[in-house]
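One structure is given below, encoded as structure tokens.
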Amino acid sequence: MSKILSYPSKVASDQINYVRLNKWISNAGICSRREADELIQAGRITVNGEKITTLGYQVKNTDIVKFRDKVLKPNKHVYILLNKPRNCITTAFDPERRRTVLDFVKGACQERVYPVGRLDRNTTGLLVLTNDGDLAQKLAHPSYQIKKIYQVELASPIQPKDLAAIKAGICLKDGIVQVDSISIVQGDESKLGIEIHSGKNRIIRRLFEHLGYQIINLDRVMYANLTKKELPRSKWRFLTNQEVGYLKSLKS
């Protein structure tokens, strides 16, 4: 049985290139960096035959990193944009075997990708999937203020006072929700366009539930300047080099 070790991270030298263990795992395409940290803390990762539980531990290219006795090697980076349909889960694995977003990108690549952020089961629209842990972390981190635009269809017309309240900011249990802009679409007061940077969980649904409205349809039509142009529902495409370059250039 492997001995469990928990000791300080190695110190990088000028001659050897070191990388954090969670980044190595993420770049192998099995999970996000946050999930990699959980695997490390649980003692499920070995380096050169020894279990490592120290967050921040660093490995070099000659080290052998394993998960479930399988050697993990960094893959080439893959970037996919999916127009997510309704009734599917935004996760890399569902123990209940429900349909997931990965079911729609099967055969896209040999590398294992995972979704960046989360869309509710019945929320549709743009979702990025990648095995690039650095970019995934950037896009998911609140400090980068990633721009998102949603189209919302309500069961009833929105009242002027509620529209004004949303523009002013709504106080929820986890803080004030401030949208960047909100407007009525094509004169139909039950259809709204919302631009928001917040990455809080279910933020749009919680905002309208707080005001007593039922959402019929919620569709993310723009994400980090990526759009649904020529991308039908349930279909995917690879990001262009220009799009990837733009995402990597984003500053916090």
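A short reminder: the numbers here are calculations on the coordinates, not readings from a lab. Remember, it's a predicted structure, so these values are computed and weren't measured experimentally. Using ideal geometry, Cβ is built from the backbone for each residue, glycine included, and neighbour counts are taken over all protein chains shown.
General observations
- Debye log10 I(q)/I(0) for the chain, one point scatterer per Cα, at q = 0.11, 0.13, 0.17 Å⁻¹: -0.68, -0.89, -1.27
- Summed side-chain charge close to Arg121 - residues other than Arg121 whose Cβ falls under 9 Å, Lys, Arg +1, Asp, Glu -1: +1
- Antiparallel bridge percentage (DSSP; both residues within the stretch 109-238; nearest 5): 95
- Summing Cβ point charges (Lys, Arg +1; Asp, Glu -1) relative to the Cα centre of the chain gives a dipole of roughly 500 debye.
- Each residue of the stretch 185-193 is assigned a 3J(HN,Hα), and the resulting list reads 9, 6, x, 9, 6, 9, 10, 10, x Hz, derived from the Karplus form 6.51 cos²θ - 1.76 cosθ + 1.60 (θ = phi - 60°), x at Gly and Pro.
- Beta bridges by DSSP in the chain, antiparallel share as percent, to the nearest 5: 90
- For Glu153 and Gln110, the difference between the fully extended length at 0.36 nm per residue and the C-alpha to C-alpha distance is 11.7 nm.
- Inter-part distance where the stretch 154-210 and the stretch 235-249 are each reduced to a Cα centre, Å: 29
- Mean residue ellipticity (222 nm) of the chain, computed from DSSP H runs ≥ 4 via -39,500 (n - 2.57), nearest 500: -5500 deg cm²/dmol
- In this simple spin-label model, placing a label point 7 Å from the Cα along the Cα-to-Cβ direction at both Lys73 and Arg206 gives a separation of 4.3 nm.
- Cβ crowding within 10 Å, taken as a proxy for footprinting-reagent exposure, orders Phe67, Phe238 from fewest neighbours to most as Phe238, Phe67.
- Residue-by-residue Karplus 3J(HN,Hα) for the stretch 116-127, coefficients 6.51, -1.76, 1.60, Hz, glycine and proline x: 9, x, 8, 10, 4, 3, 9, 8, 9, x, 6, 9
- Sorted fewest first by neighbouring Cβ atoms within 10 angstrom, Glu209, Glu35 come out as Glu209, Glu35.
- Residues Arg34, Arg118 arranged by fewest to most Cβ contacts within 10 Å: Arg34, Arg118
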